[in-house]
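See below for the structure under consideration.
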Amino acid sequence: MTDPGVPRKLASRPLNIVVGITGGIAAYKAVGVIRAFVLLGHDVHVVATDAALRFVGRPTLEAISRNPVHTDLYEGVAQVRHVAIGQAADLIVVAPATASSIAKLAIGLADDLLGTTILASSAPVVVAPAMHTEMWVNAATAANVATLQSRGIRVVGPGTGQLTGSDAGVGRMVEPDEIVAAALAALRPRDLSGRRVLVTAGGTREPIDPVRYIGNRSSGRQGVAIAGAAALRGATVELIGANLEVSPPPGVRLTEVSSAAELAAAAATSAASADIIIMAAAVADYRPEITTQSKIKKETQGDRLRIDLVKNPDILAGLASTRHRGQVIVGFAAETEPDDSALLALGRSKIVRKGADYLVLNRVGWTEGFAVPDNRVLVIDLAGDIVMEASGSKLSVADRILDLLA
Ligand code: C5P
């Protein structure tokens, strides 16, 4: 399985990930981190300190990582192992990172295999601190953490909650899933830094009466994935979400809307300041001409109900016609055409009609496109040329679209 959140140049092969484990009780949770990376198809090499192995057994780490565990600085000297592991790494994750290991990292101490591995590596380093609250808030630890961050080392957590004893507070290592997500995010380029990106996602609902609407099956997954990936790549992201079925990603500003009219109003407010506009939302083409103020009742309607629909303004075409110089506009077209050539023909006339710079085409149907984690897209430009094809998780498709824009 290819990793859902890794840029293309790295996603084509399994990543070499070093998981450094230091001596804290949260070491048992490092097993979950290793497991998640292995299940994503990556090659995991554990470098554990002696203290870490007092908390979690070598056989567990070897079975889960499917590789030998390294501890000893004087092991494999002929292969110059003290630097070779770090040189080969694409990513280093230290989980848990104790107060002591953070202090060592801050001064570049290389008195054990984990220290030499990190110093000898040019890979991104992510640390997940775990310690008691008093140690975390201590000025020495705070200064060490600031030093790590100033060098580009990502610090994920700690979280707040129950600690090892009966006490609670800040200092818990965050859960494995969060560490894995932060670690993979560290591999993304910050190539949208300073850019303002407006993304619309979800499906609009056009009200019939106070309890009913005409809607569509869009879950918002693809747009949310784009918004999240753009934020991780350094953009300032505004997400206009229409009835999202998935949680918005961290680090984006969310405006919730329901109908096409609300989406249009929110987009009009935000569009002027955006460098890139990505219209991934499924916007209803028609709305009921009249929205009744009370519930329509079958007792008064009889056997047949007629609802007249009127056309909604095309928001994308409107934004494209009033865009400022340099603003890039991307539209989506989800269609039920039977094959790629029919999809392309339709897309080529649509992009001209709308005036977008790029149109992302995908096929939808009863079982594809909507509310599923994967997607397959073709991207065309205004000239009608295919500029990109991508398939895979919606997150990997999101990164490929952003690669094109960045
Ligand atoms: O015309 P169609 O609905 O296929 O176009 C899809 C693209 O146009 C999407 O990017 C969608 O967000 C946008 N759209 C819009 N306003 C509408 C209908 C669609 O902005 N009324």
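The values are calculated or read from the model by the stated rules, or taken from the named source; none is laboratory data. Only a predicted model underlies this, so the values are computations on that prediction, with no experimental measurement involved. In this analysis, Cβ positions are derived from the backbone assuming ideal geometry, glycine residues included, and neighbour counts consider all displayed protein chains.
Output the residues belonging to segment 312-335 that are surrounded by fewer than 13 Cβ atoms within 10 Å (Cβ to Cβ) and under 28 Å from the mean Cα position of the chain (by Cα).
326
Cβ separations smaller than 6 Å between residues 6+ apart or across chains give the following pairs from segment 290-317 residues that are more than 27 Å from residue 333 (Cα to Cα) and modelled with pLDDT of 95 or more to residues that are in a strand (DSSP E or B) and within 16 Å of the ligand (Cβ to nearest atom): 291/207.
Taken as a whole, segment 298-306 holds no residue that is β-branched (Val, Ile, Thr), in the same structural domain as residue 208 (by TED's automatic domain parsing) and surrounded by 12 or more Cβ atoms within 10 Å (Cβ to Cβ).
Do you know which residues across segment 275-302 are among the β-branched types (Val, Ile, Thr) and within 16 Å of the ligand (Cβ to nearest atom)?
In the first step, residues of segment 275-302 are kept if they are among the β-branched types (Val, Ile, Thr); the result is 276-278, 283, 290-292, 296, 300.
Answer for segment 275-302, where residues must be among the β-branched types (Val, Ile, Thr) and within 16 Å of the ligand (Cβ to nearest atom): 276, 277, 278, 283.
Might you check whether a residue that is in a helix (DSSP H, G or I), over 28 Å from residue 288 (Cβ atoms), without any contact (Cβ under 8 Å) to a residue 12 or more places away in the chain and more than 27 Å from the chain's Cα centre (by Cα) occurs anywhere in segment 366-385? The answer is no, given that none of the residues of segment 366-385 is in a helix (DSSP H, G or I), over 28 Å from residue 288 (Cβ atoms), without any contact (Cβ under 8 Å) to a residue 12 or more places away in the chain and more than 27 Å from the chain's Cα centre (by Cα).
Within this structure, residue 378 fails the test of being assigned by TED's automatic domain parsing to the domain that holds residue 260, surrounded by 11 or more Cβ atoms within 10 Å (Cβ to Cβ) and within 11 Å of the ligand (Cβ to nearest atom). Residue 164 meets each of the listed conditions (1) out of contact with any helix residue (DSSP H, G or I) (no Cβ under 9 Å at 6 or more places or on another chain); (2) part of a helix (DSSP H, G or I); (3) over 30 Å from residue 285 (Cα atoms) apart from (2).
Kindly indicate the residue of segment 236-271 that is in a loop (DSSP other than H, G, I, E, B) and at pLDDT 95 or above and also surrounded by the fewest Cβ atoms within 10 Å (Cβ to Cβ) among those meeting that condition.
First pass over segment 236-271, keeping only residues in a loop (DSSP other than H, G, I, E, B): 243-251, 258-259.
Imposing the further condition that a residue be at pLDDT 95 or above reduces the set to 243-245, 258-259.
Working: 243: 21, 244: 20, 245: 15, 258: 18, 259: 22.
Here the residue is 245.
What number of residues within segment 34-49 satisfy the criterion of being assigned to a helix (DSSP H, G or I), touching a strand residue (DSSP E or B) at 6+ places or on another chain (Cβ under 6 Å) and without any contact (Cβ under 8 Å) to a residue 40 or more places away in the chain?
We begin by selecting, within segment 34-49, every residue assigned to a helix (DSSP H, G or I); these are 34-39.
Within this subset, residues satisfying the condition of being touching a strand residue (DSSP E or B) at 6+ places or on another chain (Cβ under 6 Å) are 34, 37-38.
From the residues that got through so far, the ones that are without any contact (Cβ under 8 Å) to a residue 40 or more places away in the chain too are 34, 38.
Counting residues in segment 34-49 that are assigned to a helix (DSSP H, G or I), touching a strand residue (DSSP E or B) at 6+ places or on another chain (Cβ under 6 Å) and without any contact (Cβ under 8 Å) to a residue 40 or more places away in the chain gives 2.
Taking segment 303-334 as the range and being more than 8 Å from the ligand (Cβ to nearest atom), over 18 Å from residue 205 (Cβ atoms) and not hydrophobic (A, V, I, L, M, F, W, C) as the test, the residues that pass are 303, 304, 306, 321, 322, 323, 324, 325, 326, 327. Going through (1) touching a Lys or Arg at 6+ places or on another chain (Cβ under 9 Å); (2) surrounded by 18 or more Cβ atoms within 10 Å (Cβ to Cβ) one by one, residue 73 falls short only on (2). For segment 201-223, the set of residues classified as within 14 Å of the ligand (Cβ to nearest atom) and within 16 Å of the chain's Cα centre (by Cα) consists of 201, 220, 222, 223, listed by residue number. Answer yes or no as to whether residue 72 is over 16 Å from residue 127 (Cβ atoms), of a type in the set (Asp, Glu) and at pLDDT 95 or above. No.
Just so you know, in segment 272-305 the residues that are in contact with a Ser or Thr (Cβ under 6 Å, 6 or more places away or on another chain) and in a strand (DSSP E or B) include one that is nearest to residue 197 (Cα to Cα), and it is 279.
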